[in-house]
Structure formats: structure tokens, C-alpha cells
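The values are calculated or read from the model by the stated rules, or taken from the named source; none is laboratory data. The shown structure was predicted, so the numbers you read here are calculated from the model rather than taken from an experiment. Cβ atoms come from the backbone with ideal geometry, glycine included; neighbour counts cover every protein chain shown. Each accessible area value is taken on the protein alone, full model and side chains, heavy atoms only, with ligands, DNA and RNA left out. Shrake-Rupley method; radii C 1.70, N 1.55, O 1.52, S 1.80 Å.
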Amino acid sequence: MSTNLLQKLVSIQNEFGGIEPSVIVSIANEYSVPVSEVRAIIDFYHFLSDKKNADYHFYFSNNIIDKMAHSDLLVLQLGERLNSIIQQDPSRVCLDETSCIGLADHAPAALVNGRPLPALNPQSIEEVAELVALGRPLDHWPAHLFQVRTRICRRSWLLNMSLPPGESLLSWQTKGSATILQELQASQLRGRGGAGFATALKWRSCEEQHSGEKYVICNADEGEPGTFKDRVMLSEHSDWLWEGMTLCAATVGASKGFLYLRAEYAYLLPQLETSLQVRRDTGWLGAALKERLGFEFDIQIVLGAGAYICGEESALLESLEGKRGIPRIRPPFPTISGYLRQPTVVNNVETFIHAAAIISKGSDSFLQLGTTQSKGTQLLSISGDCQRPGVYEYAFGETVEQILSDCGADEVQAVQIGGPSGRLLGPQSFHLTLGYEALGGSGSLMIFNHRRSLIEVVNNFTNFFAFESCGFCTPCRVGTALNQRMLTRLHLKQLRQHEIQLLEESVRLMQNSSHCGLGQSAGNSILNLLHDFPETVEQLLNTIGDDNEARLVQALQPAVQLRKS
Ligand SMILES: Cc1cc2nc3c(=O)[nH]c(=O)nc-3n(C[C@H](O)[C@H](O)[C@H](O)COP(=O)(O)O)c2cc1C
Ligand code: SF4
């Protein structure tokens, strides 16, 4: 299948607001694939549709942080204000919702025709309703409605740095790939995309492959709810990212790079293209590199189409090849068989930036920060019940307690660290420290104070996984749906004590037998809720008729024993 089929569909969707059935047929002919294949791709991605979008298509973020900031009330308000228009002509307005759009530091937030509407409130909703009623094109809406502010609240080793274009590349030119790999290894840099894989090992494995074509891919899918640090890096320091990707290409011998950018960040595209062009014009990218450093490398930005699973690196590769983002069977790993089955490095935005910074400045100061197994600093996206949400840079080893104090969080009941696939921590664990020894490669912190309902939080996460499961393997497809049903019943105080065990068994089964990390981690917060917040769960259980049930269980004991023997 042609690698640009998905991009073709994305561009038609963006230009015409939908992909009509007749267009689907002509695309299938053009690409010599069955119509069913094109339809399957459209069905897979949330932002592709065979029906035309409304003139104003709103996607409200349904992350728990947005819900806590009353996004539901704002949707209602907008719906009421625009009700008569929608009744008259549904093709004019659609109020939809979607998984987290990467603006938890600006909650509640939405997208309208792909453009961000951050920090919404009743006044701005009123303004939006007025503009829609007048039929005003988005280009004529006041700029303040779309303004996403950069909130970097704490800077340390990385964010205090100045990193001139080409500095790490000149270092590569002087030292060569072998030394760069040694320096990277000495720095003990680990990937910042979640799994914490050693970056030098990954680059070395790719470098060792003998292949005519190698690829460098930056994973900017950032779909984990509550995470937005990559968005801030792309907005503020894209040149550092291009530097890191080019350094990687020089080291492993790649000539083509891709930035896989989530669809929700499409509004960053113009500024990213401009900064790439500056890089080419100043001789740090493209054909000019050949003259300057003796190798050629360029970067293409490719848009996703709305699918959390495409952040998983092998699903990302499938998506980049124009297909549905279904995770591959591994091994082989991407460094051996990646994009188009060629050796490929896939790294997170922050990882590439850290690599460039380490090679530019040396690893000594980096190594002085952090803990035994977790060197240097990491970026955290902090959101929820605190006075100062934003991006914070901390050395590994900092306690959760200190972080909560720094961002102005009081009366904290719980913290979700590393997004819904991470861990739900209660105050008894706030002494734990950032780093792979204790909390893993968590890049975000969502804060919940004592007024929040934790079952609502975990229910929200469970809905997210059920919606985002790609459906390829049974444990995850069925397990996420089952968890969703059980959590909803727990929320409604309908679940009984013995069903808690079934819920736990379902999560364990998913952990052990799901095909990829989504299914393996989808139940983490459920287990945390059951084990670390037993009083919360106890209060939610349906105990009506418990005595009768206990008597029945007792009466059935002999039969159970017989079955076991
Ligand atoms: C369901 C799922 C979603 C993921 N989403 C992302 C993502 O948005 N960004 C990212 O860098 N890594 C994500 N990852 C991890 C990637 O698979 C991969 O480990 C990472 O891109 C490697 O980069 P690193 O070594 O720099 O961390 C995800 C993993 C899973 C299982
Ligand atoms: S675990 Fe879930 S997301 Fe991963 S392959 Fe299976 S169904 Fe798809």
C-alpha cells in the first residue's frame, strides 16, 4: 500500500471537511487498493469521516482535568445558545468531544475546526456562540480566543541552556559517530517517551545495521491525557528538536527524518514548517548539510489523524506507512526493521532535545543531577488542582511532596503520575521520588484535591482506554469494555464485593496477555484505586442483601469443593 494514502485522506478531510463515498472509491482506484481498505482506515482514525463535518466542528477535550474545570457545563451553555441554529441546519454546527487535546494546562479547552480554544469560560463561550451565530469565519475571530500561552514554571539543566544551531553537529564532525555514541552512553540518557529505554543503545543498534536507507522519527503523538510538555517544546524550542534529530541522523547514517505530529497539534504546523525552513536556509538541514558536514538529511512533518495508539512506536510506523495504527509483533524492533522495514530510530521529542544538549555541553553537569539509575532532569506536565499548572523541569530524585508544594497544590487527595497508564498515588506515597527506581519515566502529574471523586477520575481513565483500544487483541478489546462497565457500576454503587475480585482478575489478565502497552497498562489506576484507597471503594459497594448473599455462598461451598476436587 502506498505510504501516503493516510496523508492523502488527511488532506482531503482538512480541505473538504470529510471524505465522501464517491471520493473513497476514486482514492481506492488511484492507490489500487480495495474500497474496504480505505474505509477501514477512515473508520480507524477519530478525525477522519465519510460524512462532511459541520461548518463549525467543536471537539471538547474530555480529559478528567477538563471535566473538573466544568467543560460539561460549557458544552451545555454553547448547545443552548446555538440550539436554534443546530435545529434549523445541523450542517452548520456540531458539538463533539474527544480524548485529551494536550491542553490540560489550559483546561477546559476545545478545538474548533482544528484550532485551539484554550481556557474556556462562560464569557468566552458567549463570545464564541455570537461569532458562530453571525457565521464569522475563524480567521476573523479575535486572536485572544486561540491564544495558547507558554507556561514554563520551573527551569533547570535543560531549559536554562542556550543551544545554538549546529553546536552538537560540529561536535559530531570533530569527534565522529563512535565517540558520540560513547558520550551518549556515558550520560546514561534514557528515553523520555515513557518506557525509559537507553538512548545510546537504540542509536547504536541502528548504526550497526547495514542498510542503504535508515530513518529517524520523532514521536510527537503525545496522546497520554494530562501530558503537554512536548507541545511546549515544539512551540518554544523546535530548533533544538531539529538539532537532536539531525545529530541522530549523522550518528546512525540516516538521510530522512519524520516528525509524527498528533492531529490535535495541527495548529502548530505553520510555525514548525517555518522553523524547518530557517534551518534549511541557514545550512543546517537539507542539501546544504552535504556541503557543510558531508551528509544529507531532511525532515518531513506528517500529521496523525486522531488515535492514541499511534503513540506506540510500532503503531506509529504503521500509521506513517499509510495504514491503520495497529501495533506490530516485536521483535524485530524498529532499529532493525522499522519504517518500510528499514532500520529506524524512534525517539520522543524531549529525548532528541536532551541528546543534542548532552553532546553540545558534555555530560558532566547532566550526570551530577539525578539518582543512580535516573540521570539528569526531566520535564513534567502539571495540571489539575494547583495554583500554577504548566511545565516544570526537575532533576530526578525530587519528591512528589516538594513538587506539589512548588506548584501550589493544597489538600491533595491523590496524584496521577505518568497519565492514565501510570500510577494513582495517595498521600502515603508522596515521599516517593521522580525516577526509574520508584515512579518510572512519568512525564506528567494530574492533581486531585479532597473535593474530587476518585471513582470519577478512574472511571474517566477507563472510558478513555475503552475508546482508544485499537481492538486488535481480545484481552484488551474485551477487557477495556468490561472494566468500563464494572467501573460505571461501581460509580453507581451497583457493584458487589465479590465482583471486585472479578474486576481485579480482568485487569491482571489484560496486564499479562495484551499485545501492547495500552492493554497492559489500562487497568493500572483501577488496581491502585482498589488497593490504595480501600475506604473509597468500600463506600461505593452495593451491600444491600449482603447477608443473604453470604448465606448463599456458604451453602454453595460443598459444591465448589466438589468441583475443585
Ligand atoms: C499506548 C502507547 C502510547 C504511547 N504514546 C507515546 C507518545 O505519545 N509519545 C512518545 O514519545 N512515546 C509514546 N509511547 C512510547 C513509544 O512506544 C516509544 O517507547 C517511544 O516513542 C520511544 O521513545 P524514547 O525512547 O525517546 O522514549 C507510547 C506507548 C504506548 C504503549
Ligand atoms: S493491547 Fe489494545 S491497543 Fe494494544 S494491540 Fe491489543 S487491542 Fe490494540
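Points worth noting:
- Between the amide H of Tyr215 and those of Thr344, Val345, distances stay under 5 Å, these residues lying 5 or more places away or on another chain, with hydrogens modeled in the peptide plane.
- Mean accessible surface per residue for the chain, computed with a 1.4 Å probe while every protein chain stays in place, in Å²: 41
- Amide H to amide H, with H built 1.01 Å from N, Arg115 comes under 5 Å of no residue 5 or more places away or on another chain.
- Dividing the convex hull volume of the alpha-carbon atoms in the chain by its residue count gives 182 Å³ per residue.
- Heavy-atom accessible surface of the chain: percent carbon and sulfur, 1.4 Å: 51
- Rounded accessible area of Thr399 (nearest 10 Å², 1.4 Å probe): 40
- Estimated vicinal HN-Hα couplings, Hz - segment 173-185 in sequence order (Karplus 6.51, -1.76, 1.60; Gly, Pro = x): 4, 6, 9, x, 4, 4, 5, 4, 5, 5, 5, 5, 5
- Estimated purely from DSSP H runs of n ≥ 4, each contributing -39500 (n - 2.57), the mean residue ellipticity at 222 nm for the chain is -14000 deg cm²/dmol once divided by its residues.
- For the chain, averaging the sequence separation of C-alpha pairs within contact (under 8 Å, six or more residues apart) and dividing by the residue count gives a relative contact order of 14 percent.
- Links that overshoot a 31 Å alpha carbon limit, given the list Lys51/Lys229; Lys52/Lys323; Lys8/Lys256; Lys323/Lys361; Lys8/Lys175; Lys67/Lys361: Lys51/Lys229; Lys323/Lys361; Lys8/Lys175; Lys67/Lys361
- Sorted peptide list for 85-91, 406-412, criterion being average Cβ within 10 angstrom, highest first: 406-412, 85-91
- Relative contact order (%) - segment 217-262, alpha-carbon pairs under 8 angstrom, separation at least six: 64
- Here the contact order of segment 377-449, divided by its residue count and restricted to Cα pairs under 8 Å and six or more residues apart, works out to 39 percent.
- Cβ screening of the chain for cysteine pairs under 4.7 Å finds these without a partner: Cys94, Cys100, Cys153, Cys206, Cys218, Cys248, Cys310, Cys470, Cys473, Cys476, Cys516.
- Kirkwood hydrodynamic radius of segment 56-149, from inverse mean 1/r over distinct Cα pairs, in Å: 13.1
- Using bins of 5 Å that start at zero, the share of Cα-Cα pairs per bin across segment 157-239 amounts to 3, 11, 15, 22, 25, 15, 7, 2, 0, in whole %.
- Phi-derived couplings, Karplus 6.51 cos²θ - 1.76 cosθ + 1.60 at θ = phi - 60°, listed residue by residue for segment 266-280: 4, 5, 7, 3, x, 5, 5, 5, 4, 5, 5, 5, 4, 4, 5 Hz, with x used for Gly and Pro.
- Packing-based order for 194-202, 347-355, using average beta carbon neighbours within 10 Å, highest first: 347-355, 194-202
- Highest mean packing first, where packing is the average number of other Cβ atoms within 10 Å per residue, the peptides 523-535, 176-188 line up as 523-535, 176-188.
- Sequentially through segment 227-236, phi angles give Karplus couplings (6.51, -1.76, 1.60; θ = phi - 60°) of 10, 8, 5, 5, 4, 5, 5, 5, 6, 9 Hz, Gly and Pro residues having no value and appearing as x.
- Net charge of Cβ neighbours under 13 Å - reference Gly390; Lys, Arg +1; Asp, Glu -1: +3
- Amide proton proximity set for Glu97, modelled H, under 5 Å, gap of 5+: Phe60
- Per-residue surface analysis assigns Asp72 an accessible area of about 80 Å², computed on protein heavy atoms at 1.4 Å probe radius.
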